[in-house]
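> Below you will find the structure I want to go over with you.
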Amino acid sequence: MWHELLSIGVPKLYRPGEMLLREGAEDTFVLVVVEGVCKVVAARPGRGQTLIAVRGPGDTLGEFSAIDDARRSASVYAVTECKTRLIRGTAFVGFLNRHRLEATLSRYLSAKLRWNSTMVSELAGLPVRSKVAWLLVQLAAMAAPTTFIPLYQKEMAELLGVAASSVKAALGHFREQGLLRTEVGGVHLLAPSGLADEIHPDDLE
């Protein structure tokens with residue numbers, strides 16, 4: 001079924017920083033992420049754009065607009081190079097109906113919304129060091145089995161909405177703990193489980 005879903009779409013490549021979906025747009029196509037990592041952000045009154053999700057291989061983007069013709073509720077940007085399949089909204093809905101997947105999709109969307117809500121609340125209560133650890137753990141899970149995260153410090157800072165100097169300090173701490181190694185063009189994770197242990201709300205910055 002997965003291969004059939006991919007077969008009804010056309011390949012679409014997005015470079016790092018490129019927009020996949022635009023908040024408020026009226027288009028209805030759906031994107032299936034085959035490779036890469038992207039971020040989902042939405043405008044919040046008085047707070048600018050807020051990170052609400054990180055998506056990776058196997059995720060679909062834009063289902064709500066395909067189903068109910070509503071405007072896009074968030075923007076999506078490529079964090080790394082993203083290989084996707086672009087599927088017309090009508091073709092996506094036809095696929096769901098053909099395989100009677102409405103209930104399955106409903107559960108999937110509910111799980112995504114719960115994940116988004118949990119992520120936003122968790123990040124809001126974390127200091128920068130824990131936010132950086134959280135981000136690296138999430139990206140490691142999506143990029144597995146590779147342990148190299150192709151993000152610069154500035155890109156991590158933009159993704160989390162924090163100062164680049166704070167990200168640099170956090171990475172320095174993790175490097176001293178033997179949890180990662182900074183390299184040209186990104187970060188090589190040495191102990192993802194150790195990074196997970198660094199996620200707690202009472203860190204001292």
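> Kindly give Rg over Rh for the chain, based on alpha-carbon atoms, with the Kirkwood expression for the hydrodynamic radius.
Rounded to two decimals, Rg/Rh equals 0.99.
> By how many nm would the segment from A43 to V184 grow when fully extended, if each residue of separation counts as 0.36 nm and the alpha-carbon distance is taken off?
47.5 nm
> Okay, next question. In whole Å, what are the Cα extents of segment 1-59 along the three principal axes, biggest one first?
In descending order, the Cα extents are 43, 24, 21 Å.
> Work out how much length H99 to H3 would gain on full extension: take 0.36 nm times their residue separation and subtract the Cα-Cα distance, in nm to one decimal.
33.2 nm is the gain from fully extending H99 to H3.
> Follow-up. Once R0 is set to 30 Å, what does the formula 1/(1 + (r/R0)^6) return for the Cβ-Cβ distance between A169 and A70, expressed as a FRET efficiency to the nearest 0.05?
Step by step, r from the Cβ atoms, then E = 0.15.
> Can you send over the carbon and sulfur percentage of the accessible area for segment 1-92, probe radius 1.4 Å, protein chains only?
Of all accessible area on segment 1-92, carbon and sulfur atoms account for 52 percent.
> Let me ask another. Ignoring ligands, DNA and RNA, what percent of the accessible area of segment 134-205 is carbon or sulfur (1.4 Å)?
Carbon and sulfur atoms account for 56 percent of the accessible area of segment 134-205.
> Could you give the accessible area per residue of the chain, probe 1.4 Å, as a whole number in Å²?
51 Å²
> Report the full-extension gain for the segment A196 to E18: residue separation times 0.36 nm, less the Cα-Cα distance, to one decimal in nm.
Working it through step by step, the gained length comes to 61.2 nm.
The values are calculated or read from the model by the stated rules, or taken from the named source; none is laboratory data. Keep in mind that what you see is a predicted model, and the values were worked out from it rather than measured. When we count neighbours, we look across all protein chains shown, and the Cβ atoms used for this are built from the backbone with ideal geometry, even at glycine. What goes into the accessible areas is simple: the full protein's heavy atoms, side chains included, and nothing from ligands, DNA or RNA. Shrake-Rupley method; radii C 1.70, N 1.55, O 1.52, S 1.80 Å.
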